[in-house]
Structure formats: structure tokens, C-alpha cells
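As C-alpha cells, the structure follows; a few thoughts come after it.
The values are calculated or read from the model by the stated rules, or taken from the named source; none is laboratory data. These numbers come from a predicted model, not from an experiment. With ideal geometry, Cβ positions are generated from the backbone for all residues, glycine too; neighbour counts draw on all protein chains shown.
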Amino acid sequence: MPNPKRRHSKSRRGKRRAHDAITSPAISPCPNCNEPRLPHRVCPKCGFYNGRAVILVKES
């Protein structure tokens, strides 16, 4: 296994890690039932997307 010949500096390490931040998911309320859902996806509670019923959801 190859190993680094010299130690990498703190700035070089920081540049590599600059894009490793974890962001929280963008959650918006469903316009039909106001339940939280991910954007551009069918609402898992009511089955609506873009104002239309896309999937049938069993009501509990």
C-alpha cells in the first residue's frame, strides 16, 4: 500500500474537506394536507403531487 511521502498541511487537509459538509434535507409542507414532504416527490400521506392524486394511499 502506498503511503504519503510527506505530511499534508492543515490548509491542504481543509481544502480537501471543504465539500464534506452535511446539509439537512429541504422539507416543505404538502399543499394538500400540510404534512412534511420532500420537494418534487409524491406526498406519502395523501398521495398528491402537483395538485393531482398520483397514488392511492390506504387510510388508517
Residue satisfying condition, being assigned to a helix (DSSP H, G or I) and of a type in the set (Ser, Thr, Tyr), within set 24, 11 | 11
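Going through 52, 13 one at a time, which residue ends up being at pLDDT below 95 and either within 15 Å of the chain's Cα centre (by Cα) or not aliphatic (A, V, I, L, M) (or both)? Write out each step before concluding.
On the way: 13 fails: at pLDDT below 95.
Answer to the check: 52.
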Residue in segment 34-41 that is surrounded by 10 or more Cβ atoms within 10 Å (Cβ to Cβ) and in contact (Cβ under 8 Å) with a residue 12 or more places away in the chain present = yes
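Counting just the residues of segment 42-58 that are of a type in the set (A, V, I, L, M) and over 24 Å from residue 24 (Cα atoms), which one comes out surrounded by the fewest Cβ atoms within 10 Å (Cβ to Cβ)?
Only one residue tops the list, namely 56.
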